[in-house]
1. What pairs come out if I take residues in region 318-334 that are within 12 Å of residue 186 (Cβ to Cβ) and pair them with residues that are not in a helix (DSSP H, G or I) whose C-beta lies under 7 Å away, six or more apart or interchain?
2. Which of the residues belonging to region 234-280 are closer than 28 Å to residue 206 by Cα and without any contact (Cβ under 8 Å) to a residue 40 or more places away in the chain?
3. Sort out which residues of region 280-320 are modelled with pLDDT of 95 or more and among the polar types (S, T, N, Q), and write them in order of number.
4. Looking at residue 175, is it in contact with a Leu (Cβ under 7 Å, 6 or more places away or on another chain) and charged (D, E, K, R)?
5. Among what's in region 48-91 and is free of Cβ contacts under 8 Å to residues at least 24 places away in the same chain and either touching a helix residue (DSSP H, G or I) at 6+ places or on another chain (Cβ under 7 Å) or surrounded by fewer than 16 Cβ atoms within 10 Å (Cβ to Cβ) (or both), pick the residue that is farthest from residue 36 (Cα to Cα).
6. Have a look at 229, 143 and point out the one that is farther than 23 Å from residue 44 by Cβ and over 16 Å from the mean Cα position of the chain (by Cα).
7. So in region 276-330, with the set limited to residues that are touching a Ser or Thr at 6+ places or on another chain (Cβ under 8 Å) and not hydrophobic (A, V, I, L, M, F, W, C), which one is surrounded by the most Cβ atoms within 10 Å (Cβ to Cβ)?
8. Can you work out which of the residues in region 229-271 that are acidic (Asp, Glu) and buried (at least 20 other Cβ atoms within 10 Å of the Cβ) is nearest to residue 170 (Cα to Cα)?
Amino acid sequence: MRRRDVVKAGLATLAVGATGGIGGLGQALAQTKMVMKASDVHPLGYPTVEAVMRMGKKLEAATNGRLSVQMFPSMQLGGEKEAIEQAQVGALQIARISVGAVGPVVDDVNVFNMPFVFRDSKHMEAVLDGAIGDELLNKITANEKTGLVALGWMNAGSRNIYNSKHPIKTMADLKGLKIRMIGNPLFIDTMNALGGNGIAMGFDQVYSAMQTGVVDGAENNLPSFVAQNHYQVAKYFSMTEHLIIPELLVFSKVSWDKLSKDDQALVKKAGREAQLEQRELWYAAEKTALDKMKEVGTEIVMEIDKKPFQEAVKPVWEKYGSKYAEMTMRITAV
């Protein structure tokens, strides 16, 4: 066999050997190997981090190692703002980000940011798994300003207020406290309406800000409170559940356009599977976090009369919620 024929035969063998697939999607076309960088502000073992790592293992197995994920947890590549910026230019492929960070660009998703819009986490999941969830994912992807492809939703539980001063049982207890919020005007207004002083700040700055007294507290879910060691600088945790905000798993649009259609389908399917697996991990993490908080002596206020809090945020709904009136009715009907 001539040398040219040997080379052709070798290339044909490589093309066949590099194919793979997930489920019934068929085999992906052979192309250059891609190591997809993934970022999260949370540490190894955190539900969102673990779910994305499992997603990477599935893709690696399905493509015989051609597609793989390299995770950078614990804010190694910066906070959520930096993750979005890096994804937009293709320096990062996968990021887990808060809906709050996308709201200023894709206004429609802000309906999920409204205080007390969901009855509980199960209600939120039912909404995300239906037409509303798909509709908003498509809007994020279609908006050229985001530079992102929305793969799916992730459960982030309820957001609750914690601080270093005293227990919060009523709105009066919040008065005058400086509480860190995600940098979305809607969230700042929500905290101000509840009687606190909302301070916009990156998540990576919260621990030191509470430690030095720049803020008195913050608000977040149980696993984040424990994973970021915030219990070391905030003794009081109150289950206000004022916000139940899902999170997003997104892919760099620049990098997405370099994938074949088959590989895009593989990534989408793996992303949706990660969404479901993350929920199971999430509920287990909530229980573990609550046990840890009790162990270290965090004073937890579990029962709060939410009616006064819900009444207090009516001005926030009047200011931001009118344009979401139809969507809110659809959410309520689920």
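The values are calculated or read from the model by the stated rules, or taken from the named source; none is laboratory data. Just so it is clear, the structure is predicted and the values come from calculations on it, not from any experiment. Neighbour counts run over all protein chains shown; Cβ positions are idealised from the backbone, glycine included. Areas reflect the complete protein model, heavy atoms only, side chains present, ligands, DNA and RNA absent. Shrake-Rupley method; radii C 1.70, N 1.55, O 1.52, S 1.80 Å.
1. Correct list of pairs: 320/114; 321/114; 324/114.
2. 280
3. Passing the criteria: 288, 298.
4. Values: in contact with a Leu (Cβ under 7 Å, 6 or more places away or on another chain): no; charged (D, E, K, R): yes.
In short, no.
5. Among residues in region 48-91 that are free of Cβ contacts under 8 Å to residues at least 24 places away in the same chain and either touching a helix residue (DSSP H, G or I) at 6+ places or on another chain (Cβ under 7 Å) or surrounded by fewer than 16 Cβ atoms within 10 Å (Cβ to Cβ) (or both), the one farthest from residue 36 (Cα to Cα) is 85.
6. After ruling out the rest, the residue left standing is 143.
7. Selected residue: 278.
8. Top of the filtered list is 241.
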